[in-house]
Amino acid sequence: MSVGTPLARLDGPAKVTGRARFAADHRVDGMLYGTFVTASAPAGRVRAIDADAARAVPDVVAVLTHEDMPRYGEATAVISAGAHLPMQDDRIRHDGQPVAIVLAETLEAAEHAASLVRVDIEAAPFTPYPDGDDAGAIEPPASSYTWFPTTVVKGDVDAAIAAAPVVHEGVYVQPARHHNPMEPSATLADWRDGMLTLVDAVQHVYGVQWVLCGVFGLEPEQVRVRSPHTGGGFGCKGFVWPHQVLTAAASIVLERPVRIALTRAQMYGMVGYQSQLVQAITLATDDSGRLAALEHDAVNVTAVFDDWVEYATEGTRSTYATPTMRLTQRVQRANVDFPTAMRPPTEGCGIFPLEAAMNELAHTLDVDPLELRLRNYAEVDPDSGKPWSSKELRACYEQGARAFGWRAAPRRDGRWIVGQGMATCLHGGTPQAGSQARVRLRADGSAVAECGFQDIGTGTSTVVSQLVAEVLGVEPARVECRMGDTRLPEAAPTYGSTTTMSVGAAVVRAAADVLAQLGVRDHASPEQVAAALRASGRAEIVGEGSFAPATDSPYVMRTFGAIFVEVGVDPQLGLLRLRRAVGRYSVGRIMNPRTARAQMTGGIIWGWGKAAMEQSHHEPRLGRWLSKNLAGVAIPVNADIPADIDVGFVTEVDHASPIGGKGIGEVGATGVEAAVIDAVFHATGRRIRELPITPPKLI
């Protein structure tokens, strides 16, 4: 029951019975309940705040405004609050920005009092959200968020395009979307005796620690952050946001524990979202469809106070063989809250227009879309020329097409027209940060894995237990996993599809260190390990392990896949339905087939939501998000998803990975929208370039 076994999640019983405690479930003696009062204008300044009525409410302890807050230093880590921490001055930069905090002995008192606070705002002209174009786009200046080149050029692109007999151009738009995890963000901060302790809903406890140290001028040993369970994140809990800093600040100012849980509506103004992207693709080929040049320009919306760059061109660098390419990133500023990564970021955003353009090109050339991809198959990384650490994408194409039955002619099924489409899937698989771990083997044969990662609902803790169990020869159920605490060995963030490889490599090496101390060889039997432990006379053996990503690897590591979908279109009502999907993936060694299939299935559903439903509307006159809840935002539910979703993995071990596996959290959500667009065109002849595919686009 170790690696490779489809083991049910070990934390499942605790979550379905309610024993698992999330951030907002935690309480401490003397805790105050807090709630935010937010700005109702996108730009301007606070002239006055009348909180007398709120302070008169029984059980209300304080109403804090920018006038009550000390002035703090800027954070040194990559976070939105580093560029703009609210309640440090009277300026308003976006709708939903916190302007006051009401604190009370009960949540009911805090919420009632917050409704009585009157904020007088002197509104100012604001920059509205762009309307699906690239007007005002600029190259972003260097900042904390320009961690990749914003321009990549290989060869003479203009000459290649001019000489090519076939040139395809298209502009593709995806709207803004919000994450809406099941658990809204929440923070419990407790400042006492010079020590700040947080229980937080996050994807990286160490990131929170770094930021709070920078803001409050504290040493790491003075800040402890815990996140025992995180109820979904999808990227919005990866950075550190103003509510976390302000909750800690309120605890320091009042010298009492403070807990603030954001409402669903506040999630639309205090944590990040995925911004609108307008992307232009140019494909130049010879008569057979082999690429001579590829040009990709991506423009994303950012805030007025800092430049978030959504590196949508990152995947384009590695998808298809091309002798020339030009990739550019630009931004548009608006008075909105700061964007952030959203599953799947970077490559996932850019694979949509690239794959949609490839399908359009296939139609122009009268070539099967799958054949066009094979003609442009990249045997090495097109950008760097380095070999892949592993790549079985051809097998994904072959196995997926065979299982799907690619490609039948469009057909009628009553009032429905049925069409089919496909796309390539691609995402990064290389960890961007290292991890450390500790493994304890006890005399009773049980083990403990200690590492400060987070399990955000993906089953990482189960996989970690399996990895340790395989090395030590014990059952995974006998391996306790301690995680989500800055007092544990430091771990990589739980995003970017990096956790399994980074944390997994560290815990495997820590477990191997236990065997080395016992003088037992690798892959020893459980009996041999137990005998060595008894002979040592020690109650516990503690092993240490670490992993650091290579900075000069001779290989390029990516995850790959192929997605095939069948949809039904009702042209009279404009309805679009997913009928079935087949995905095949090249992602290295699979640690747990059960959790891996769940990740891929969830990714396909996520991609369907992006293709057919999801968008966050921004009101241009008032400068605010509309429908700040799930009542006005369409997302897939059970009735939208067929049972016929077939997910599989090609046999592969990545030789550059210490555990043979790569991250899979995001690759399953890439390519889906392009495959759906292709299927809609196959059925109706309508070419969609702007998401989501809503009824008016099909009638």
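Tabulated results
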| item | result |
| --- | --- |
| Solvent-accessible heavy-atom area per residue, rounded to whole Å², over the chain at 1.4 Å | 36 |
| Length added when fully stretched, F148-S115, from 0.36 nm per residue minus Cα-Cα | 7.5 nm |
| Prolate/oblate/rounded label for segment 641-699 (Cα gyration tensor, a/c 1.5) | prolate |
| Calculated log₁₀ intensity ratio I(q)/I(0) where the Debye formula runs over C-alpha points of segment 570-699, q = 0.13, 0.17, 0.19, 0.23 Å⁻¹ | -0.66, -0.95, -1.08, -1.33 |
| Helix-derived mean residue ellipticity, 222 nm - over the chain, DSSP H n ≥ 4, -39500 (n - 2.57), to 500 | -7500 deg cm²/dmol |
| Stokes-Einstein diffusion coefficient of segment 24-175, Kirkwood radius over Cα pairs, 25 °C, 0.890 mPa s, in µm²/s | 124 |
| Compactness of segment 160-314, expressed as Rg and Dmax over alpha-carbon positions, Å | 22.1, 74 |
| Extension gain from R27 to K697, taking 0.36 nm per residue of separation minus the Cα-Cα distance | 236.2 nm |
| Distance histogram for segment 404-551 (every C-alpha pair counted, 5 angstrom bins, percent rounded to whole numbers) | 2, 10, 17, 18, 13, 9, 7, 5, 4, 4, 5, 3, 2, 1, 0, 0 |
| Surface accessible to a 1.4 Å probe, C213 within the full protein complex, Å² | 20 |
| Projected-area average for segment 365-455 over all orientations - Cα convex hull basis, square nanometres | 12.7 |
| Estimated distance in nm for a label pair at T651 and D89, the labels positioned 7 Å out from Cα along Cα-to-Cβ | 6.4 |
| Measure of compaction for segment 92-249 (Cα Rg per 2.2 N^0.38 Å) | 1.49 |
| Whole-Hz ³J(HN,Hα) from phi, Karplus 6.51 cos²θ - 1.76 cosθ + 1.60, for segment 537-548, glycine and proline x | x, 9, 6, 7, 10, 10, x, 10, x, 8, 9, 10 |
| Cβ-derived FRET efficiency at R0 25 Å, S546 paired with S384, nearest 0.05 | 0.40 |
| Antiparallel %, DSSP beta bridges [both residues in the chain], to 5 | 75 |
| Two-decimal ratio, segment 612-654, of alpha-carbon radius of gyration to 2.2 N^0.38 Å | 1.98 |
| Percent breakdown of C-alpha pair distances by 10 Å bin, ordered from the shortest bin, for segment 578-631 | 18, 34, 23, 18, 7, 0 |
| Convex hull of segment 402-479 built on C-alpha atoms - directionally averaged projected area, nm² | 9.9 |
| Volume per residue that the Cα convex hull of segment 284-431 spans, once the total is divided by residue count, Å³ | 161 |
| Surface accessible to a 1.4 Å probe, D413 within the full protein complex, Å² | 70 |
| Euclidean distance between Cα centres, segment 242-311 to segment 401-470, Å | 24 |
| Accessible-area order (highest first, 1.4 angstrom probe) of the listed residues D570, D383 | D383, D570 |
| For segment 137-142, 3J(HN,Hα) per residue [Karplus equation, 6.51 cos²θ - 1.76 cosθ + 1.60, θ = phi - 60°, Hz, x = Gly/Pro] | 5, 9, 6, x, x, 4 |
| Protein-only accessible surface order, largest first, of W625, W416, W210 at 1.4 Å | W210, W416, W625 |
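The values are calculated or read from the model by the stated rules, or taken from the named source; none is laboratory data. Treat the numbers as computed from the prediction; the structure is a model and nothing was measured. Positions of Cβ are generated from backbone atoms using ideal geometry, with glycine treated the same way; all protein chains shown enter the neighbour counts. Note: areas computed on protein heavy atoms with side chains; ligands, DNA, RNA excluded. Shrake-Rupley method; radii C 1.70, N 1.55, O 1.52, S 1.80 Å.
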